[in-house]
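The structure under discussion appears below in the form of structure tokens.
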Ligand code: ATP
Ligand code: MG
């Protein structure tokens, strides 16, 4: 905000109003005062003139009344009149003429106009007095010098109440007006002085009033910049003082609420940045306003760059959805970002943000990586379908054989035992499968604790091979390649036997009769590697990864015929993992298969334990 210029300030307005009020007051006072004074002075002036003329008129009346001897001894009327009027000085009454009722001038007090004596007067006012027999007066401007002149004419009465003559006088009023002017000058000077003093006082008062306001303004500016540490001074308890108090109060509240907001913001941002879920906030148009690091990580974009971009573009779902509000209606969706070799699924949950009027002000999208979840879910579905399928097959077979038996085949001594044998086989297969499944499920839920013990793997391996050699010696050649000295491992013998049994029986199952099976054990630095190699049908490369999956059989028909369920290697893998080993396959189609696994050796330093 820029500064308020002096010409727009309250200060100037205040001073102007103040001075105008003063001027009006002075004007009113002076008009009244000067008018009154003028009237007073003029009245005084007239009063003094009247008083003097009254005296003169008494003498004049006597002079006119006086009986004069025929011989003309003693002064004539004119001489007597002239002597009376000569007494009147010309300071104020510049001219005092005595005129007889024939309008002839008998005397004047002014030496300069002695020549008018005995001449007839031309003044109308004299004529009027003679006619009306009434005193009259007027104020005129002197044609020569522009002075105000008081003119008065009054009759001189005879004893018989007839008019003997007229006193005509002219008095200069300039003295009165000069006095008035002097008083006016004094008044004007005093007024100017008063106005000047008042203006100065006005400036001081205006300053005093506007100072706290100015302070509050600069404080408001400081507050706008986020600094709530300062307070304004409170100079009193008047309205402005109260305003300053309220202002300080407001400052405190703003500071508190800002601190709260700041605290909330920090909490929110720490929650957002520590969340493993990605969060994207958008405005009501769908433009991104906020995005946490987790979201940036999930969609592989810099959160700062994404601000302002559209959510549908950011999530790359603009071809599936055109309107952001559709997303909210769908609640959540799984977006597949999988690439050829890398699966990546993301779940997005959408919710709307409403203001107090229930209007939509934005959307919140929460993103989570559900690749693993989706994979597990997929596997679970496959597993359930596999189990159902695998159980159904033997059951269907058994059902049809049992139906045949009930339909009468049981009486046939040749067929009945065969049929019963099949159902028995199928039942055993089912039991085996259910046992395997149970074992896997126990291993999944980590219930299956291993009973490990220190075992010399060489002699143990020999024992296992011996058992096979006894049973299959006629059909297969088992070639061993084992080091002579004992190698100690920490294993659960029963479980390890299960692993080896399955691998060796697979080798036998998937090899033609008379094949050679190599059983090799190699010592590494800290582990042993067991490999069982056959010269059988082999496994195509694309299927090699999958043979450790549950229910997976490379060649379904052949395996089924051989009584396999596809769980053997899955269990073997779980067990080898539980022994902290690794299992893998090397195979060439038509040439043979090698299954290899490792087991950690007990280090010579470690005795017992596990
Ligand atoms: P189960 O062992 O449960 O009776 P199975 O032998 O069919 O049944 P796995 O032992 O898990 O199941 O083996 C999975 C699949 O891997 C087999 O069906 C087979 O196709 C393939 N396979 C395993 N070992 C060999 C091998 N030595 N030669 C060729 N294929 C094999
Ligand atoms: Mg098997």
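The values are calculated or read from the model by the stated rules, or taken from the named source; none is laboratory data. Please read all numbers here as calculations on a predicted model, not as lab measurements. Note: ideal-geometry Cβ built from the backbone for every residue, glycine included; neighbour counts use all protein chains shown.
All conditions but one from (1) away from ligand 2 (no atom under 12 Å from the Cβ); (2) more than 60 Å from the chain's Cα centre (by Cα) apply to residue 543; the one that does not is (2).
Which residue out of 528, 520 is more than 60 Å from the chain's Cα centre (by Cα), under 13 Å from residue 597 (Cβ atoms), more than 16 Å from ligand 2 (Cβ to nearest atom) and surrounded by fewer than 18 Cβ atoms within 10 Å (Cβ to Cβ)? Please lay out each step first, then the result.
On the way: 528 fails: surrounded by fewer than 18 Cβ atoms within 10 Å (Cβ to Cβ).
Every option except 520 fails the conditions.
Among the residues of this structure, residue 446 counts as one that is in a loop (DSSP other than H, G, I, E, B) and either within 23 Å of residue 565 (Cβ to Cβ) or under 60 Å from the mean Cα position of the chain (by Cα) (or both).
Can you work out which of the residues in region 542-557 that are in contact (Cβ under 8 Å) with a residue 24 or more places away in the chain and outside any loop (DSSP other than H, G, I, E, B) is nearest to ligand 1 (Cβ to nearest atom)?
Step one: filter region 542-557 for residues in contact (Cβ under 8 Å) with a residue 24 or more places away in the chain, giving 544, 547-548, 550-551.
Still in the list and also outside any loop (DSSP other than H, G, I, E, B): 544, 547-548.
Details: 544: 9, 547: 4, 548: 7 Å.
Taking the candidates together, the pick is 547.
Within region 230-237, does at least one residue satisfy the condition of being surrounded by fewer than 11 Cβ atoms within 10 Å (Cβ to Cβ) and within 20 Å of the chain's Cα centre (by Cα)? The answer is no; no qualifying residue exists. The condition (being farther than 29 Å from residue 184 by Cα and touching a strand residue (DSSP E or B) at 6+ places or on another chain (Cβ under 8 Å)) is satisfied by just one residue among 112, 60: 60. Here are some conditions: (1) within 60 Å of the chain's Cα centre (by Cα); (2) within 12 Å of ligand 2 (Cβ to nearest atom); (3) touching a residue at least 40 places away in the same chain (Cβ under 8 Å); (4) in a loop (DSSP other than H, G, I, E, B). Residue 570 meets all but one. Which one does it not meet? For residue 570, the exception is condition (4). Residue 457 passes every criterion in (1) at pLDDT 95 or above; (2) farther than 27 Å from residue 390 by Cβ; (3) within 12 Å of ligand 1 (Cβ to nearest atom) apart from (3).
Inclusion of residue 177 among residues that are in contact with a helix residue (DSSP H, G or I) (Cβ under 6 Å, 6 or more places away or on another chain) and either crowded, with 19+ Cβ neighbours inside 10 Å or farther than 30 Å from residue 59 by Cα (or both) is not warranted.
Being surrounded by fewer than 17 Cβ atoms within 10 Å (Cβ to Cβ) and assigned to a helix (DSSP H, G or I) is true for just one of 72, 27. Which residue is that?
Working: 72 fails: assigned to a helix (DSSP H, G or I).
After applying the criteria, what remains is 27.
This table checks each residue for (1) exposed (fewer than 12 other Cβ atoms within 10 Å of the Cβ); (2) modelled with pLDDT of 90 or more; (3) touching a helix residue (DSSP H, G or I) at 6+ places or on another chain (Cβ under 9 Å); (4) farther than 23 Å from residue 499 by Cα.
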| site | (1), (2), (3), (4) |
| --- | --- |
| 383 | no, no, no, no |
| 391 | no, no, yes, yes |
| 405 | no, yes, yes, yes |
| 436 | no, yes, yes, no |
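Would you mind stating whether residue 527 is within 27 Å of residue 451 (Cβ to Cβ), out of contact with any helix residue (DSSP H, G or I) (no Cβ under 9 Å at 6 or more places or on another chain) and either without any contact (Cβ under 8 Å) to a residue 24 or more places away in the chain or more than 13 Å from ligand 1 (Cβ to nearest atom) (or both)? Taking the combined requirement at face value, the residue satisfies it. If you go through region 564-585 and keep only what is within 11 Å of ligand 1 (Cβ to nearest atom) and at negative phi, you end up with 564, 565, 567, 568, 569, 570, 571, 572, 573, 585. Screening the candidates 461, 419 for the property of being more than 16 Å from ligand 2 (Cβ to nearest atom) and under 30 Å from residue 523 (Cβ atoms) yields one hit, 461. Of the residues making up region 507-517, just one is in a strand (DSSP E or B) and exposed (fewer than 15 other Cβ atoms within 10 Å of the Cβ), namely 516. Give the residue that is modelled with the lowest pLDDT, with candidates limited to residues of region 190-222 that are surrounded by fewer than 17 Cβ atoms within 10 Å (Cβ to Cβ) and closer than 11 Å to residue 22 by Cβ. The residue in question is 199.
Got a sec? Which of 298, 312 is surrounded by 14 or more Cβ atoms within 10 Å (Cβ to Cβ) and touching a strand residue (DSSP E or B) at 6+ places or on another chain (Cβ under 6 Å)?
Numbers: 312 fails: touching a strand residue (DSSP E or B) at 6+ places or on another chain (Cβ under 6 Å).
Answer to the selection: 298.
Residues being within 16 Å of ligand 1 (Cβ to nearest atom), surrounded by 15 or more Cβ atoms within 10 Å (Cβ to Cβ) and not in a strand (DSSP E or B) are entirely absent from region 480-491. Checking each residue of region 508-516 against the condition of being touching a strand residue (DSSP E or B) at 6+ places or on another chain (Cβ under 6 Å) and either away from ligand 1 (no atom under 14 Å from the Cβ) or farther than 17 Å from residue 575 by Cβ (or both) gives at least one match. Does residue 504 meet the test of being in contact with a helix residue (DSSP H, G or I) (Cβ under 6 Å, 6 or more places away or on another chain) and in a strand (DSSP E or B)? No. For region 93-109, the candidate set comprises residues that are in a loop (DSSP other than H, G, I, E, B) and surrounded by fewer than 19 Cβ atoms within 10 Å (Cβ to Cβ); within that set, the residue that is nearest to the chain's Cα centre (by Cα) is 103.
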